[in-house]
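J.: Let me give you the structure first, and then I'll get to my questions.
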Amino acid sequence: MNQTRVLNIMLVLYVACIFAFIFAPILFSLVFSFNSQRFPTIPLGEFSTEWYAKIFADPDVWIAARNSLIVSVSTAVVATFLGFCTAYSDFRYNFRFKGPYLALILLPPTIPLIIMALAMLAWLSKLGLSGQLWSIILAHSVLTAPFAMAIIRLRLNQMDPDLESAAWNLGGSEWQAMRHVIIPFCMPSIVSALCLTAAVSFDEFAVSWFVSGLNKTVPVVILEIVQGNIDPQVNAIGTFVFLTSMTLVILAQVFFISRQVKSHS
Amino acid sequence: MSEPLVTFRNVKKHFDDFVAVRDMDLDIYPGEFLAIMGSSGCGKTTTLRMLAGLETPTAGQIHIGGELMNNVKPHERDTPLVWQSLALFPFLSARENVEFGLKMRGVAPAERTRRALEWLNRMEIGEFAERNITTLSGGQKQRVALARSLVMEPKMLLLDEPLSALDANLVIRMQAVLTRLQKELGITFVYVTHSQSEAFAMADRVVIMSQGEIAQVGSPKDIYRAPANRFVAEFVGRNNILTGTQVSQDGNGIVVETPSGTFIASAPETARSDGSEVTFVVSADLVSLSVEEPQDRNRVLCTLISEEFVGSMVTLFLESSDGHEFKVQMQERDLIELDLHSGSQIWLSWAVENAHVLDGE
C-alpha cells in the first residue's frame, strides 16, 4: 500500500471524527425526540411522536414560533439591506478612514454576545425601546448585518468595475445602473445573505432573551422548558429549530456556490 | 475641412499629483477614423474617458457638436464606448446586452428587440442572440460589444483597445470589420491603442501621445516618413536617428557633421543657422546596401551585427566605425544576393530627400 493512500484514509477518518463530534449531540437529540421514555437512556423505548404532539399543542410555542418568524424575516431584510449598502460603499468609493470604517462595520460579531446583549438592553431601555418585538429586530439587525455585508462584498469584488460605467455609458442613470446591473449581478449573494441572516437571527438566544421582555422567541422558550425540569419536549423543539436553521444555511450555500461555479465556467 | 465634431482646448486632467493629460488641444472631425496611440500611462485612455464623461477635466474645455461637455454626466451623452474588458453584462443574453442601451433610453420592447437582432445579424452573430454571454468565444463577444454600442446609432464611437485580448489572426479580421463598418456608417471612430500596427492599418489620422502631451498628429504616412520629434521617431521604430552640427547649407539641403560622417539632409521647414545642433532620421526601409562604395554623398561603411526576420522582411542591425547603430529593412530575397554574414563590411547609402530633419531639435 502506498503512502498517499494511507494518508488519504487517515484524512477521511479525521474529517469523519470532526463531523461526528459536531453532529452527534444533535443526532442524539433527534433520536430521543422520537423516544417514548422520559429520560434519555439506552436502551431506547418505543417510537413516539408524543413530544411533538405536546409542543404543537402548547400555545406558548406557537406564539414563540410566530415571533421568531417575524423577527428572523424582518431582520433578514433589514440586515441584508444594510449589508448591501455598506458593501456597495466599499466597492464604489474611496475615502479617508475607509479602513476604520470597514473595521467598525465588521465589529459586532466579534463582541461577546452576552456583552452585546447587556449593552443592547441598557441602551434600548434608556431610549424606551426595550421589551418590544422590534427591539429584537433592531438588535439582530446590528448583529447580522456584517455577515450580509461580507457575503455581498465578496460578490461585488468579482464584478468588473467597468460594468457599472458601461451602464452609464449606454444611457443609464445611477439608479438605473443600480437596478439593472449592480443588483442583478449581486442577486445570488443577496438571496444567500437573506437566508444566512434569517438563520442566525432564528436561533440566536442571548440578545433575544435580554431585550425581548415578554415577547419570547423560540430559543427563549427552549431555555424556559429546560429550566423547569428534564423534559423531552426540548429534543423535539430543538430538532425543529436545527432543521430550520440548517435548511436556511444550506440554501444560502446553494445560491452562492452554484452561481459562482456558473460564472467561472 | 468641415467644422470639427469634437474640440479639446487647453484640457488638463490631474489625479492628485499625477498629471494624466496636460494642455491638450485637439480637433476631431466628423466621419474620421482617429487613433490615439501611446505607451501605457501616456494619457490616451484618460482622453477617451473624458470624451465619454467618465472623467471630468481639471481645466480647459471639451466641446462635442459645439456644446460644452465638461459637466455633462456620462448617461446624458451620446458617446458609446467599446471597453477593453468588453464589460458585457454576464447575467444577460447576447440580445439583452445589445438591447440594454435602448432599454435605458425607454425604447419599447418590440422595437428594441427588432433593432438588437438587426445589429446582431449585421455582425454575423444572429444565431447566438439567445445564448448567455459567458458561453460565447472572444471574437463573438467582441461583436456583441460592438453591436451593443452601434445599436445606439451614435455620431461617434469610442474604442478602448478593443482588440487587445484577441489572437493575432482574429485581430486582422476584426480590423477589417472595423474599417468597413466605419466607412459604411460614416461616423467618427476614436480608437485608443498601444499598437502601432492597429493604428496605422485603420486610422485616417493618428495622434501620438507621450506623458500626457500630444507628440504629433498626422496621417500614418506623415508620421512614418516625417516624425515631428525624437520621441515619435523612436516610438514608430525602425528609424535611424543621427544627431550632429549643421556646417553649411546649399540648394539641396543642409550639411550635417555627425560622429558617423558628414551627411546632407533635406532642408527643414524652419531654417536654422550654421553651428546649431540638428537631428535627422532616415527610415530603415529607405536605406540601400552595396558592396562597392556608392556615389551618393550620404554613405557610411558599417559592420553587420545581427539580423531579424519577420515573414519575408528582414531587419539588419549594423554598426558604423564610431559605434552608432544603423537599421536597414529589406526583402529577404534581396539579402540573399548580397551574401552577408555577421562581421561583413558593407556600404549604406540614402537619398538626400529621405533624410528628414526633426523640427525643434
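The values are calculated or read from the model by the stated rules, or taken from the named source; none is laboratory data. Values in this document were obtained by computation on a predicted structure and should not be read as measured data. Cβ placement follows ideal geometry from the backbone for every residue including glycine, while neighbour counts extend to all protein chains displayed. All accessible areas refer to the heavy atoms of the entire protein, side chains included, with ligands and DNA or RNA removed. Shrake-Rupley method; radii C 1.70, N 1.55, O 1.52, S 1.80 Å.
J.: Chains A and B: how much accessible area gets covered up at their contact, both sides added, probe 1.4 Å, in Å² to the nearest hundred?
T.: Numbers: alone 15640 and 17080 Å², together 30900 Å².
Roughly 1800 Å² of accessible surface disappears when A and B pair.
J.: Kirkwood Rh over alpha-carbon pairs of chain A, then Stokes-Einstein at 4 °C and 1.567 mPa s: what D in µm² s⁻¹, rounded to an integer? Don't jump to the answer; show the numbers that get you there.
T.: Numbers: Rh = 21.3 Å.
The calculation lands on 61 µm²/s.
J.: Follow-up question, since we're still on this one. Near B:Glu118, within a Cβ-to-Cβ distance under 12 Å, what is the net charge of the other residues, with Lys and Arg +1 and Asp and Glu -1? If you can, show how the numbers build up before the last one.
T.: Working: positive: B:Arg95, B:Arg112, B:Arg114, B:Arg115, B:Arg122; negative: B:Glu99, B:Glu111, B:Glu153.
Local charge sum for B:Glu118: +2.
J.: Additional query: Among B:Thr47, B:Thr193, B:Thr134, whose mean-square fluctuation peaks in a Gaussian network model of chain B (Cα, cutoff 10 Å)?
T.: So, out of B:Thr47, B:Thr193, B:Thr134, the one fluctuating most is B:Thr134.
J.: Just to make sure I understand: if all protein chains stay in place, what is the order of B:Ile305, A:Ile151 by accessible area at 1.4 Å, largest first?
T.: On the way: B:Ile305 85, A:Ile151 30 Å².
The most accessible residue leads, giving B:Ile305, A:Ile151.
J.: Just the Kirkwood number for the protein assembly as shown, please: inverse of mean 1/r across all distinct Cα pairs, in Å, one decimal.
T.: Numbers: mean 1/r = 0.0322 Å⁻¹.
For the protein assembly as shown, inverting the mean 1/r across all distinct Cα pairs yields 31.0 Å.
J.: Straight distance only, please: which lysines reach the Cα of B:Lys73 with their own Cα at less than 22 Å, same-chain residues fewer than 8 apart left out?
T.: Once the sequence-local lysines are set aside, what remains near B:Lys73 is B:Lys12, B:Lys13, B:Lys44, B:Lys103, B:Lys155.
J.: Show me, for region A:58-74, the HN-Hα J-couplings you get by feeding each phi into the Karplus relation (A = 6.51, B = -1.76, C = 1.60, θ = phi - 60°), rounded to Hz, glycine and proline as x.
T.: Whole-Hz 3J(HN,Hα) from phi for region A:58-74: 7, x, 4, 5, 5, 5, 4, 5, 4, 4, 4, 4, 4, 4, 5, 5, 5.
J.: What ranking, highest mean first, results for peptides A:205-215, B:349-359, A:87-97 when packing means the other Cβ atoms within 10 Å averaged over each residue? Write down the numbers at each step before the final one.
T.: On the way: A:205-215: 19.7, B:349-359: 18.0, A:87-97: 13.0.
Averaged packing, sorted descending, gives the order A:205-215, B:349-359, A:87-97.
J.: Ignoring ligands, DNA and RNA, what percent of the 1.4 Å accessible area of the protein assembly as shown is carbon and sulfur?
T.: 59
J.: List the lysines whose alpha-carbon lies under 27 Å from that of B:Lys327, not counting same-chain residues fewer than 8 positions away?
T.: B:Lys221
J.: So what are the radius of gyration and Dmax for the Cα set of chain B, in Å?
T.: 24.6, 77
J.: What does the charge add up to near B:Ser85, with Lys and Arg as +1, Asp and Glu as -1, over the other residues with Cβ less than 15 Å from its Cβ?
T.: Numbers: positive: B:Arg49, B:Lys141, B:Arg148; negative: A:Asp160, A:Asp162, A:Glu164, B:Asp160, B:Glu161.
Its environment carries a net charge of -2.
J.: Where q = 0.17, 0.22 Å⁻¹, what log10 of I(q)/I(0) comes from the Debye formula for region B:112-244, counting one point per Cα?
T.: Those come out to -0.95, -1.36, one per q.
J.: Related question: Please build a GNM for chain B, connecting alpha carbons under 10 Å apart, and tell me which residue among B:Glu319, B:Glu118, B:Glu184 fluctuates the most.
T.: So, out of B:Glu319, B:Glu118, B:Glu184, the one fluctuating most is B:Glu184.
J.: Here is a follow-up. Could you derive backbone 3J(HN,Hα) for region B:97-113 from the dihedral phi with the Karplus parameters 6.51, -1.76 and 1.60 (θ = phi - 60°), listing whole Hz in sequence and x where the residue is Gly or Pro?
T.: Residue by residue, region B:97-113 yields 4, 5, 6, 3, x, 5, 4, 4, 8, x, 6, 4, x, 5, 5, 6, 5 Hz.
J.: Summarise the partner chain shielding of B:84-93 as one whole number: the mean count of Cβ atoms from other chains within 10 Å of each residue's Cβ.
T.: On the way: counts 1, 5, 3, 11, 4, 9, 8, 10, 3, 0.
Average neighbour count from other chains, rounded to a whole number: 5.
J.: Something else about it: Got a number for the accessible area of B:Asp274? Probe 1.4 Å, square angstrom, nearest 10.
T.: Roughly 80 Å² of B:Asp274 is accessible to a 1.4 Å probe.
J.: For B:Lys155, what is the net charge nearby, where nearby means another residue's Cβ is under 14 Å from its Cβ and Lys, Arg count +1, Asp, Glu -1? Working shown, then result.
T.: Details: positive: B:Arg77; negative: B:Glu3, B:Glu32, B:Glu67, B:Asp78, B:Glu153.
In short, -4.
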